[in-house]
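Some notes on the structure that comes next.
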Amino acid sequence: MNRQAQACVLILLGGAVLRASLTDLYLRYVKEGLRPFLIAASLLLIVTAVMTLWYDLRPAPRGTADRAAPEGATLAEDDHDGHGHHGLQVAWLLILPVLGLLLVAPPALGSYAAGQAGTALTSEQVSEYPPMPDGDPADLTVYDYAARAVFDKGRSIGDRRVRVTGFTVAGPDGQPLLARMRLSCCAADGRPIKIGMSGNVPAQLPDDSWIEVTGRYTDRVGRDPINDLEIPYLEVESWRRVAEPRQPYE
């Protein structure tokens, strides 16, 4: 690739990242708080590309002779086995992920990723859980309910009704689990939090169906066959299908 081609790829990449950052598309890749850094990085890429084009296309100063060999001449002279030409062709593959980011909106991590990884509900040191949110039912995240159910044995929940939103994934016994992917930084480190359901269990729903479940704490606990960690259960009173939330990750 010559400098002009490199600059074009940089402009496409910076534009793709900027487009994703100015819409909700970036939420499928990273946490919400990283938006300013993505915008800054995309602008830096675009400025770098523009400066590269300006430097490469500016007119040569008068009275100076360009004695430099044409770009790629040394490579052509030294490369007798054709590897340099192959390398130039492969370099253009860099544009494929850029075009993918521009043209394709990939889905957020869902049931397939959750089914391949064990629940991420690891032990935590919490002396006291904060009070439950106001309202009946109380809105909890999948992680918040799971942590209170496993590590606090439901004491901080009591007999309160809770409402949890997540997507369905088939459990080891064929029954659906309620799950939500949890991020530390970006989708690359996403791990699932899983909740089992008893009582009025949703039936005949395909995987990746987003549902809102209302129910109460139960002391029933299962085991994740992948990493043998505990999966708490929720006694379901009612449920309904909902649209995928703007922020699919916790």
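The values are calculated or read from the model by the stated rules, or taken from the named source; none is laboratory data. Treat the numbers as computed from the prediction; the structure is a model and nothing was measured. Counting neighbours? That spans all protein chains shown, and the Cβs are built from the backbone with ideal geometry, glycine included. SASA here: full protein model, heavy atoms, side chains in, ligands and nucleic acids out. Shrake-Rupley method; radii C 1.70, N 1.55, O 1.52, S 1.80 Å.
Values computed for the structure shown
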read-out: Answer residue from region 240-250, given it is touching a strand residue (DSSP E or B) at 6+ places or on another chain (Cβ under 9 Å) and closer than 30 Å to ARG35 by Cβ and is most open to solvent (accessible area, probe 1.4 Å) among those; value: ARG241
read-out: Subset of region 18-34 [under 16 Å from ALA188 (Cβ atoms), touching a helix residue (DSSP H, G or I) at 6+ places or on another chain (Cβ under 8 Å), open to solvent by less than 60 Å² (accessible area, probe 1.4 Å) and part of a helix (DSSP H, G or I)]; value: ALA20, TYR26, LEU34
read-out: Residue list for region 125-170, restricted to those being in contact with a strand residue (DSSP E or B) (Cβ under 8 Å, 6 or more places away or on another chain), open to solvent by 10 Å² or more (accessible area, probe 1.4 Å), more than 20 Å from ARG240 (Cβ to Cβ) and assigned to a loop (DSSP other than H, G, I, E, B); value: MET132, LYS153, GLY158, ASP159
read-out: Candidates SER184, SER111, SER198 - the one that is small (Gly, Ala, Ser) and under 18 Å from ASP219 (Cα atoms); value: SER198
read-out: Inter-residue pairs, beta-carbon under 8 Å, first hydroxyl-bearing (Ser, Thr, Tyr) and in region 94-118, second open to solvent by less than 70 Å² (accessible area, probe 1.4 Å), 6+ apart; value: SER111/PHE167; SER111/THR168; SER111/VAL169; SER111/ALA170; SER111/ALA179
read-out: Qualifying residues in region 35-60 (those that are open to solvent by 60 Å² or more (accessible area, probe 1.4 Å) and modelled with pLDDT under 80) - the one farthest from TYR249 (Cα to Cα); value: ALA60
read-out: Selection count where residues are part of a loop (DSSP other than H, G, I, E, B) and open to solvent by less than 50 Å² (accessible area, probe 1.4 Å), scope region 93-123; value: 8
